[in-house]
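Accompanying notes for the structure given below.
What follows is calculated from the coordinates using simple rules that are stated; it is not laboratory data. The structure presented is a predicted model; accordingly, all values stated were derived computationally and were not measured. Counting neighbours? That spans all protein chains shown, and the Cβs are built from the backbone with ideal geometry, glycine included.
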Amino acid sequence: MLVDTFKRKIDYLRVSLTKQCNFRCQYCMPDTPDDFFDNTALALPKLLEFIKVAIDNGITKIRITGGEPLLRPDIAEFIAGIYAHKPSDPNTNIEIALTTNGFLLERFAQSLKDAGLKRINISLDSLKPERVKAISKRDALPQILRGIESAQRVGLGVKLNMVALVQTRDEICDMLEFGRTRGVLVRFIEFMENTHANSTLIPLTSSEILETIASRYKITPLFKEHFGPAKLFSIDAKSKDGRPYAFGIIAPHEDDFCASCNRIRLTSEGVLCPCLFYQDSVNAREAIVSGDKETMSTLLKQAVHNKPEKNQWSAEQISERAFYHTGG
Ligand code: SAM
Ligand code: SF4
């Protein structure tokens, strides 16, 4: 079992498969050249070996992210490979989820499901085609919507992620209605300031998100979600299953956000990041490339040991860490 110096159990690994992306979201990588090619990403079989080591050390939840993870054509085999690994404790239940911008999902949904994937998070910042284009620099809304439909059709559990901004505040309730009528959880993410983002974006705080929703619905706080950092709430309108519809808020600026942190991150080039906003990382690339399991295990423990008590997100202190490197 992995436990950090603040007695938090670390059982969640986020793995970025590439820095490359087919979008250029304003809050992530708006200025990256269109022809940017990631030549540092490790081969998926190499990353798989690290994940097996992580599982043997007590990791039970794995999120696959990027950049855009569906740009790796062998992703379904990779997921199947994780499920095929038998943890040293046979009672361990490994959960895998994937975060995608949804653009290529229509093509991949069935093979991901066949590989054993159960859950998928899809980023969706607007229901207006022009706004999606302005945010992502891709005329992508129709494809994203088809991706969502395909994921639901093949039986993947779908959650939607919206980065909440003053610029998109007018769509928060529309997004809730979209999720409610389709029976999918919508999670609003506080914009996390970073030097790669468009500096004209204005973040919405979790209180402002709640105020916006409270203007239309009565809100009841629920609990923290099982696989993810969101606090859940319900509204006085029913979901498809007849129960009050629930939504989530991910608020890294809030004081209690880090107290329950259970995660560690691996970048596509093999660097372990103890915290999304923290520069003290551990380079495991050489060990991963050479397949040295013992050193991988030691470096993983070192990264867990390096976890800070709290992140440092604030409007004054801007992180230099790029979301498309760390995977968010
Ligand atoms: N490309 C995939 C996607 O967009 O879903 C996966 C990678 S993306 C870096 C992972 C998550 O980070 C997405 O939900 C995205 O909205 C979120 N994200 C990116 N930049 C962010 C920022 N500055 N603040 C908050 N969330 C951000
Ligand atoms: Fe790409 Fe995801 Fe970053 Fe948008 S948030 S640019 S889709 S990696």
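Between residue 182 and residue 298, take the C-beta separation as r, use R0 = 56 Å, and let me know the FRET efficiency to the nearest 0.05.
0.80
For residue 216, what is the net charge nearby, where nearby means another residue's Cβ is under 13 Å from its Cβ and Lys, Arg count +1, Asp, Glu -1? Mind dumping the intermediate values first?
Numbers: positive: 169, 180, 218; negative: 170, 171, 174, 177, 211, 236.
Counting the neighbours of residue 216, the net charge comes to -3.
Measuring from a point 7 Å past the Cα of residue 137 along Cα-to-C-beta, which residues in the range 62-98 have an amide N at less than 20 Å?
66-72
Report the Stokes-Einstein translational diffusion coefficient (µm² s⁻¹, integer) for the range 12-326, Rh taken as the Kirkwood radius over Cα pairs, at 20 °C with viscosity 1.002 mPa s. Write down the numbers at each step before the final one.
Working: Rh = 20.0 Å.
Estimated diffusion coefficient is 107 µm²/s.
Where both residues lie in the chain, what percent of DSSP beta bridges are antiparallel, nearest 5?
35
Around residue 185, with a cut-off of 11 angstrom between Cβ atoms, what is the net charge of the other residues, counting Lys and Arg +1 and Asp and Glu -1?
+4
Based on the alpha-carbon gyration tensor of the range 1-160 and its eigenvalue square roots a ≥ b ≥ c, which shape applies: rounded if a/c is under 1.5, prolate if not and a/b is larger than b/c, or oblate?
Verdict is prolate for the range 1-160.
Mind checking the range 1-61 for trypsin sites (Lys or Arg not before Pro) that DSSP puts in a loop (not H, G, I, E or B) and that have at most 13 other Cβ atoms within 10 Å? Working shown, then result.
Numbers: sites: 7, 8, 9, 14, 19, 24, 46, 52, 61; in loops: 7, 8, 19, 24.
Here the sparse-neighbourhood loop sites are 7.
With contacts defined as alpha carbon pairs under 8 Å and 6 or more residues apart, what's the relative contact order of the range 12-326 in percent?
21
So who's got an amide H within less than 5 Å of the one on residue 161, skipping anything under 5 residues away but keeping other chains? H placed 1.01 Å off N, in plane.
122, 123, 124, 187
What Kirkwood hydrodynamic radius, in Å, does the range 235-303 give when the mean of 1/r is taken over all pairs of distinct Cα atoms and then inverted?
Hydrodynamic radius (Kirkwood, Cα only) of the range 235-303 equals 15.1 Å.
Hey, what does the equivalent ellipsoid look like for the range 79-196, semi-axes from the Cα gyration tensor as sqrt of 5 times each eigenvalue, largest first, whole Å?
29, 16, 14
Picking from 79, 148, 202, which is most flexible by a Gaussian network model of the chain using Cα springs under 10 Å?
Answer for the Gaussian network model of the chain: 202.
What distance in nm separates the simple spin-label points at residue 169 and residue 43, each placed 7 Å from Cα in the Cβ direction?
That separation, rounded to one decimal, is 5.2 nm.
Over the alpha carbons of the range 192-328, what is the largest minus smallest coordinate on each principal axis, giving the biggest first in Å?
Over the range 192-328, Cα extents along the principal axes are 55, 37, 24 Å.
Can you tally the net charge around residue 163? Count Lys and Arg as +1, Asp and Glu as -1, for every other residue whose Cβ sits under 9 Å from the Cβ of residue 163.
Values: positive: none; negative: 125, 190.
With Lys, Arg at +1 and Asp, Glu at -1, the neighbours total -2.
What angle do you read, to the nearest 10 degrees and between 0 and 90, between the alpha-carbon axis of helix 293-305 and the longest principal axis of the chain?
On a 0 to 90 degree scale, this one is about 50.
Can you list the lysines whose alpha carbon is less than 27 Å from that of residue 9, not counting same-chain residues fewer than 8 positions off?
46, 52, 61, 86, 118, 159, 224, 231, 293, 301, 307, 310
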